[in-house]
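Student: Let me give you the structure first, and then I'll get to my questions.
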Amino acid sequence: MSSEEEPMRFQVVPAAYVLLIDEQDQVLLSYRRGTGYMDEHWAFGAAGHVEAGETVFEAAVREAHEELGVEINAADLEPMTVMHRTGASGEPIDERVDFFFAVRRWKGVPGIQEQDKAADLRWASLDQLPAPVVPHEEYVLQQWTRGTLPAVTAFGFQTQ
């Protein structure tokens, strides 16, 4: 096969998402503002890219601390799903693998740590989420609530 016939390959951007869940089974959501991506939408309390040299678990712990000011133990992260996601632009930045975690134990009181990226935090019941929610995150929350969230899922592809 010549190089002209080889399939196009892309690199994916990995990210870790952390959903804090309280004793009443409410989830902590963050209202995005000033990020340039899905601003004015509700999202998982903490999320961000996995940095070079760190595991997805380390990224989740780091993001929870950086964005919410809480300390979590990687052993307390409950895997929700892994999502292969595309923005369908063909650009590498739009090709993602997202690791979603729930956590029920943490130290500290969650608060906005990055004022330039979040305008509000809100505890919400899964059956009464504020609107709008970032679409792929809303999909995860809806499917998880129904008990139909697979271990691995895809989002944004035309074949769905």
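Student: Please enumerate the residues belonging to the range 84-121 that are among the basic types (K, R) and crowded, with 16+ Cβ neighbours inside 10 Å.
Tutor: Residues of the range 84-121 among the basic types (K, R): 85, 96, 104-105, 107, 117.
Once the filter is applied, which keeps residues that are among the basic types (K, R) and crowded, with 16+ Cβ neighbours inside 10 Å, the range 84-121 yields R85, R96, K117.
Student: Mind checking which residues of the range 94-137 are over 13 Å from A43 (Cβ atoms) and either in contact with an Asp or Glu (Cβ under 8 Å, 6 or more places away or on another chain) or of a type in the set (S, T, Y) (or both)? Reasoning before the result, please.
Tutor: Restricting attention to the range 94-137, the residues satisfying the condition of being over 13 Å from A43 (Cβ atoms) are 94-97, 99, 101-111, 113, 115-116, 123, 125-128.
Hits for the range 94-137 are F101, A102, V103, R104, R105, W106, K107, G108, Q113, W123, S125, L126.
Student: When you go through (1) modelled with pLDDT of 95 or more; (2) among the hydroxyl-bearing types (S, T, Y); (3) loosely packed, with under 15 Cβ neighbours inside 10 Å one by one for T81, which number turns out not to apply?
Tutor: (3)
Student: Select from the range 122-160 the residues that are buried (at least 17 other Cβ atoms within 10 Å of the Cβ) and within 23 Å of D25 (Cα to Cα) and list them in ascending order.
Tutor: Once the filter is applied, which keeps residues that are buried (at least 17 other Cβ atoms within 10 Å of the Cβ) and within 23 Å of D25 (Cα to Cα), the range 122-160 yields L129, V133, V134, H136, E137, Y139, V140, L141, W144, L149.
Student: Filter the range 107-160 for residues that are of a type in the set (S, T, Y) and within 18 Å of A15 (Cα to Cα) and give the result. Walk me through it before giving the result.
Tutor: First, pick out the residues of the range 107-160 that are of a type in the set (S, T, Y): 125, 139, 145, 148, 153, 159.
Scanning the range 107-160 gives Y139, T153.
Student: Report whether or not S30 is surrounded by fewer than 16 Cβ atoms within 10 Å (Cβ to Cβ) and either at pLDDT below 95 or within 29 Å of D127 (Cβ to Cβ) (or both).
Tutor: Taking the combined requirement at face value, the residue does not satisfy it.
Student: Tell me, please, whether a residue that is among the small types (G, A, S), closer than 21 Å to P135 by Cβ and either free of Cβ contacts under 8 Å to residues at least 12 places away in the same chain or in contact with a helix residue (DSSP H, G or I) (Cβ under 8 Å, 6 or more places away or on another chain) (or both) can be found in the range 104-111.
Tutor: Start the filter on the range 104-111 by keeping residues that are among the small types (G, A, S), which leaves 108, 111.
Those still in the list that are closer than 21 Å to P135 by Cβ too: none.
No, there is no match, as no residue in the range 104-111 is among the small types (G, A, S), closer than 21 Å to P135 by Cβ and either free of Cβ contacts under 8 Å to residues at least 12 places away in the same chain or in contact with a helix residue (DSSP H, G or I) (Cβ under 8 Å, 6 or more places away or on another chain) (or both).
The values are calculated or read from the model by the stated rules, or taken from the named source; none is laboratory data. Please read these numbers as outputs of a predicted model, since none were measured by experiment. No Cβ is skipped: glycine too gets one built from the backbone with ideal geometry, and neighbour counts run over all protein chains shown.
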